[in-house]
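A.B. asks: Please read through the structure below; I'll follow up with questions.
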Amino acid sequence: MGIGKEDLRLLLSYRKQFPDGKKCAILGNCTFYGFDNASKEEFKKIMNFDEVHTFDINGTPDFKLDLQEPLNEKFNNYYDWIIDAGTMFCCFDIISVWKNVLNM
């Protein structure tokens, strides 16, 4: 799962339309590629976010958890932006994932 150059262009166009919000959650152990200094920190800077956290059951995300299980309440109403980097495609219980996304 990842965010590439074309994805970044699209996200930047959305960011211009919706400039508010400083906290971003990315579903998936996201890889950033195709733009200068491709990293989570660079993505955070380009998108003008104060916080960017990744969520996945595999790899080395910031929060290693199953998005199909209820999330800790500390994530409720915390994020302004939620980006799916291709993770929902791999989930069997998509309804539970969507409940978590809506709570976040």
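The values are calculated or read from the model by the stated rules, or taken from the named source; none is laboratory data. Remember, it's a predicted structure, so these values are computed and weren't measured experimentally. Heads up, the Cβs are rebuilt from the backbone with ideal geometry, glycines too, and the neighbour counts pull from every protein chain shown. Quick note on the areas: whole protein, heavy atoms, side chains included, nothing else; ligands and nucleic acids left out. Shrake-Rupley method; radii C 1.70, N 1.55, O 1.52, S 1.80 Å.
A.B. asks: Using only the Cα atoms of the chain, construct the convex hull and provide its projected area averaged over every direction, in square nanometres to one decimal.
C.D. replies: Taking a quarter of the hull surface, the average projection is 6.2 nm².
A.B. asks: How far is the Cα center of segment 37-71 from the Cα center of segment 8-31, in Å?
C.D. replies: What the calculation gives is 11 Å, centre to centre.
A.B. asks: Separate question: What angle do you read, to the nearest 10 degrees and between 0 and 90, between the alpha-carbon axis of helix 5-17 and the longest principal axis of the chain?
C.D. replies: That helix lies at roughly 90 degrees to the long axis.
A.B. asks: I've got another one for you. Summarise the accessible area of the chain (1.4 Å probe, protein heavy atoms) by the percent that is carbon and sulfur.
C.D. replies: Summing carbon and sulfur atoms, their accessible area is 52 percent of the total for the chain.
A.B. asks: Going by accessible area, probe 1.4 Å, with all protein chains left in place, what is the ranking of Tyr33, Tyr79, largest first?
C.D. replies: Most to least solvent-accessible, the answer reads Tyr33, Tyr79.
A.B. asks: How many Å² of accessible area per residue for the chain, probe 1.4 Å?
C.D. replies: 62 Å²
A.B. asks: All other residues with a Cβ under 11 Å from the Cβ of Phe55 taken together, and with Lys, Arg as +1 and Asp, Glu as -1, what is their net charge?
C.D. replies: -3
A.B. asks: Based on the alpha carbons, how large is the Rg to Rh ratio for segment 8-49 when Rh follows Kirkwood? Mind showing how you got there, number by number?
C.D. replies: Details: Rg = 10.3 Å, Rh = 11.0 Å.
With Rg and the Kirkwood Rh in hand, the quotient comes to 0.94.
A.B. asks: Give me the distance in nm between label points sitting 7 Å out from Cα along the Cα-to-Cβ direction at Gln68 and Lys23, one decimal.
C.D. replies: According to this spin-label approximation, the distance is 2.7 nm.
A.B. asks: What does the net charge come to around Leu10 if you take all other residues with beta carbon closer than 14 Å to its beta carbon, with K and R at +1 and D and E at -1?
C.D. replies: Net charge around Leu10: +1.
A.B. asks: Once you put a point 7 Å from the Cα of Thr31 and another 7 Å from the Cα of Asn76, both along the Cβ direction, what distance in nm separates them?
C.D. replies: My value for the distance between the label points is 3.7 nm.
A.B. asks: Structure shown: which of Lys5/Lys44; Lys16/Lys99; Lys64/Lys99; Lys16/Lys64; Lys44/Lys64 lie over 25 Å apart, alpha-carbon to alpha-carbon? Don't skip to the end; give the middle numbers.
C.D. replies: Numbers: Lys5/Lys44 14 Å; Lys16/Lys99 27 Å; Lys64/Lys99 18 Å; Lys16/Lys64 31 Å; Lys44/Lys64 20 Å.
Among Lys5/Lys44; Lys16/Lys99; Lys64/Lys99; Lys16/Lys64; Lys44/Lys64, the Cα-Cα distance tops 25 Å for Lys16/Lys99; Lys16/Lys64.
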